[in-house]
Structure formats: C-alpha cells, structure tokens
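The values are calculated or read from the model by the stated rules, or taken from the named source; none is laboratory data. Since we're looking at a predicted model, the values are computed, not measured. Reconstructed Cβ throughout: ideal geometry from the backbone, glycine too, with neighbour counts over all protein chains shown. We work out accessible area using only protein heavy atoms, side chains counted, and drop any ligands, DNA or RNA first. Shrake-Rupley method; radii C 1.70, N 1.55, O 1.52, S 1.80 Å.
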Amino acid sequence: MLAELAVRNLGVIERASLVLGAGMTALTGETGAGKTLVVHAVQLLVGGRADPAMVRAGATEAVVEGRFVNPDGSELVLRRVIPAAGRSRAYMDGTMASAPELAELGAGLIDLHGQHQHQSLLRPRTQREALDRWGGVDLHPLAAAREELRALAGNLAALGGDARARAQEIDLLRYQVDEIAAAQLENPDELERIAEREDLLADATSHLGEGHAARQALAGDDGVIDKLGSALAALGARKAFAPLSERLGAAAAELDDTVAQLRSVLETIEDDPQALADVRARHQLLRELTRKYGDTLAEVMSFGARAAERLSQLERHEELAIELESGIIAAQRHLDREAQAVAAVRRAAAPGLAAAVTEHLASLALPGGTLEVGVSGDPPSDGVELCFSANRGTPPGPLSKVASCRATASSCASARTGALRPARCPRWPPAAS
C-alpha cells in the first residue's frame, strides 16, 4: 500500500506531500491543478518512462519519493530522480536500482486504472491467472511435464544428428581419452610432488656431498657428538652442574636423532641420471596435459571423465537415440494428459467466476453489468478472455476493448446513485435496460 508520496519540481508541482491512510482517497481540483501529474509521479516510482520535459521550468531535476507498507508491516522506500538533462536515476531503500527493477517490483505494489488503460487486468496472462486462482488450477504437474519433455528433447539434440560431425567428434574424443588414460593419473597432487623430485635428482651430487659433510661434522671422529660427550664426562656427577648436565644430555639425544634422520634422507637421494631423465619426461608430460585440458591435474582428470562419458554416448548413438525417442513419446503423452486436465478445470471454473463477478457488479452500482469468461485453444486452453457488458441488452465484449466504456458507464451508474453530478457524466441518462 502506498502510505506517503512526496513530489518536487514535477510539471506544475513545485512541492507536494501526501500522507495516505486506509480506505479510499479522492484527489480533486480544477483543470491544470496537477492531478494527472500525481498519477505520473506514482507511475515513475514503479518504472514508468521518465521524460526530461516533465521537470518544472527553471529546476535542474524532478524528484519523486514514495513509502510503501507491505502486508507484513515492513516498509519500502522508492525514489526516482529525473534530471532536466541526462538519464533518470532510481533508488530502492537508498540503494541504486534500474527502471526495469522498479517496474518488476511495482507490479506487486501498484495497479493503475485509467479511462483508457488498465495496467494489469487487460493483459491476457493476468486474466488467465485470475481464472486459475479462482478455479484452484494446479499448474505444477503441467510445468513438470513440459520440463521433462524439454530435457529429453535437449538430450536427443545433444547426441548429434549429423553422422559426419559425429564421426569427427568420436575421433577427437578417442584421442583425448587415450592420451589422458595413458598418463595413468591417480594423484591430483602429482605435479607438485614430481617437481620436488626433479629438483632433488637434478642436484643429487651436491645434496649427497653436503649431506655427508654434515653427518661427518656431527657424528665423525672428533665431531660434535664426541665433543658433547667429552663435556658431559667433564661435568660428571657434580651437583653444581646438574641442571646443565641434563640440558647437555637432552642435546646429545636430539643430535643422535638428527644424525639418524640425516642418514635416512641420504639413503633416499639417488645420483641416477636415468632416474632424472625419467622424472623430467614425466614432468613434461603432466605439464603438456595441463596445457591442453585444464590448469590442474584435477581438472585434467575431470575432463577425461567427461570426455569418456561423451565418447560412450556417441558410440552408443543409435541405442540412446531409440531410448530417448521412446521417452519423448511417453513424455508427450504425459504432457497431453496434464494439459487436458488443466483445460478441463479451467472450462469448469469459468462459469463460476463469471457468475461470482456478475453478482458482485450490483454492489459496484452496475446492476445491469455482466461478465463472461471464455476459454479457448487446444489444451491446456491458455486462451482465457474476460468479456464485459455494463448494460442489459448489450452483448459482452472483450475487456481490452470495452474498458474505456466500462469506466464511463461506471461513472454514469455512480451518478445515478448520487455519487456524482449528472452534469459531469457524458452518457447520462444511462441506456434503457
């Protein structure tokens, strides 16, 4: 619900502010007072076309703001700025937005009625939705059936119908699948590990030399461990040095463990030119695969799996095509049944909706008004049309064509009840019933 409207520098309106309460609000005034501009202001808030010519003379821009209250009590503030030169700007709760976003949001906030235009009810889709709501038409099974048929048709198209193109794709896929399979990829982290292995083998001689030198310095004759043992022996069991002796003992144990680990690492280092050549060849192969099929080995492995699946589909083309065609036939039958069910509910609901609206017209000062609801077209019979007549004896016509006459007839009927002065009604007195 629109709760508050503020307009500045729009046409003849220099500044206006309206606070709207519950119920009906009537805005009156002489010609040129700006009543139509208020409607234009509301239209701008819900995505209407902005014309710089609407800006008040002498002003740099026009501003329209509206505060809306939702059924749950939450509020939404929309703002539209129309410069005298340049493109308009739109805001939703202070955040920039586009005019199409306002239009989409405004469809659920405002429904504008005019003498020559009804913003929503004249649309065939809206009329169809009105009938579906009245009749409790469940469109979900129909939508699911359509989606099932669409998916099967897409899968059939994806199989490829051109034999030559299919053969070319099979050759390419078979080459890609074989190339990836020949690499025997198992670990997606192999590229990083093999790079480390290559670095180790490439400098194996230096690694071994430095490693043995370090081991000799620690555990060789007169090495660190021997000197540490001499220090421990010198301190002996003297209580004055007991804390230091404990620390030296712990350091000796740590050095023994370090030397053992150093020995183990040295045993793994190979000074093997052939092993280095093999590792380099493997590294180059993996890098070539990532250049072709993905940035990482994980992506290469995923590509290989997809390519193998696609290859299997193409090689089983005839078999899969027969299966899909059978599925499409069954899905089409299912869709036809759902469409017929929707059409049946719509046709059954149409008279009830027409009767209910016709009965309500009397309370709107249209005792002679009638509404008919037409349902046409092949199942699901989407051709729903509301036909209206304001007076007895006048055949109902499509709502889109009689809407302007309906607005005038409504005014005439209101005048007959005293709500309007007869002098203002161009069709007074009403047609004889």
Looking at the range 330-353, which of its residues are touching a Gly at 6+ places or on another chain (Cβ under 9 Å) and open to solvent by less than 50 Å² (accessible area, probe 1.4 Å)? Ala343, Arg346, Ala349, Ala350, Gly352, Leu353
By residue number, the members of the range 357-374 that are closer than 20 Å to Pro124 by Cα and not hydroxyl-bearing (Ser, Thr, Tyr) are Val357, Leu371, Glu372, Val373, Gly374
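Do you know which residues across the range 52-97 are farther than 19 Å from Leu5 by Cβ and part of a loop (DSSP other than H, G, I, E, B)? Walk me through it before giving the result.
Kept after step one, since they are farther than 19 Å from Leu5 by Cβ, are these residues of the range 52-97: 52-53, 57-58, 60, 71-73, 83-87, 95-96.
Correct list: Ala57, Gly58, Thr60, Pro71, Asp72, Gly73, Ala84, Ala85, Gly86, Arg87.
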Just one listed residue, out of Ala362, Ala407, Ala403, Ala413, is modelled with pLDDT under 90 and either farther than 21 Å from Ala130 by Cβ or outside any helix (DSSP H, G or I) (or both), and it is Ala413
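Look at Leu244 and say whether it is in contact (Cβ under 8 Å) with a residue 12 or more places away in the chain and assigned to a helix (DSSP H, G or I). Before you say what the answer is, go through the steps one by one.
On the way: in contact (Cβ under 8 Å) with a residue 12 or more places away in the chain: no; assigned to a helix (DSSP H, G or I): yes.
Criteria not met by Leu244.
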Identify the single condition in (1) in a helix (DSSP H, G or I); (2) open to solvent by 80 Å² or more (accessible area, probe 1.4 Å) that Asp271 does not satisfy, given that it satisfies every other one. (1)
What are the residues in the range 225-241 that are open to solvent by 40 Å² or more (accessible area, probe 1.4 Å) and touching a residue at least 24 places away in the same chain (Cβ under 8 Å), if any? Ile225
Taking the options Gly304, Gly294, Gly327, name whichever one is open to solvent by less than 60 Å² (accessible area, probe 1.4 Å) and at positive phi. Gly294
Check the range 160-172 and report whether any residue there is hydrophobic (A, V, I, L, M, F, W, C), open to solvent by 40 Å² or more (accessible area, probe 1.4 Å), assigned to a helix (DSSP H, G or I) and touching a residue at least 40 places away in the same chain (Cβ under 8 Å). no
Can you tell me which of (1) acidic (Asp, Glu); (2) in a loop (DSSP other than H, G, I, E, B); (3) more than 30 Å from Ala305 (Cα to Cα) is the one Glu186 doesn't meet? (3)
Hey, Arg310 more than 26 Å from Glu210 (Cα to Cα) and surrounded by 14 or more Cβ atoms within 10 Å (Cβ to Cβ) or not: yes
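Residue-wise test of (1) under 19 Å from Asn9 (Cβ atoms); (2) modelled with pLDDT under 90; (3) touching a Ser or Thr at 6+ places or on another chain (Cβ under 9 Å).
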| site | (1), (2), (3) |
| --- | --- |
| Glu30 | no, yes, no |
| Lys35 | yes, yes, yes |
| Leu45 | yes, yes, no |
| Ala50 | yes, yes, yes |
| Val55 | yes, no, no |
| Ala59 | yes, no, no |
| Gly73 | no, yes, no |
Right, Asp295: at pLDDT below 90 and either acidic (Asp, Glu) or not in a helix (DSSP H, G or I) (or both) or not? no
Checked the range 182-218 for anything among the small types (Gly, Ala, Ser) and out of contact with any His (no Cβ under 9 Å at 6 or more places or on another chain); matches are Ala182, Ala183, Ala202, Ala204, Ser206, Gly209, Gly211, Ala213, Ala214, Ala217
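Open to solvent by 40 Å² or more (accessible area, probe 1.4 Å), closer than 30 Å to Glu186 by Cα, touching an Asp or Glu at 6+ places or on another chain (Cβ under 8 Å) and at pLDDT 85 or above: does that describe Arg280?
Judged against the criteria, Arg280 is a match.
Results for (1) of a type in the set (A, V, I, L, M); (2) within 46 Å of the chain's Cα centre (by Cα); (3) more than 17 Å from Ala183 (Cα to Cα), shown as yes or no for each residue.
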| residue | (1), (2), (3) |
| --- | --- |
| Ala253 | yes, no, yes |
| Thr268 | no, no, yes |
| Asp272 | no, no, yes |
| Ala277 | yes, no, no |
| Met301 | yes, yes, no |
Answer from Val55, Val19, Val81 - the residue that is open to solvent by 40 Å² or more (accessible area, probe 1.4 Å), of a type outside the set (Lys, Arg) and in contact with an Asp or Glu (Cβ under 9 Å, 6 or more places away or on another chain): Val19
His317 versus (1) out of contact with any Ser or Thr (no Cβ under 9 Å at 6 or more places or on another chain); (2) of a type outside the set (S, T, N, Q); (3) at pLDDT 90 or above: which is the lone unmet condition? (3)
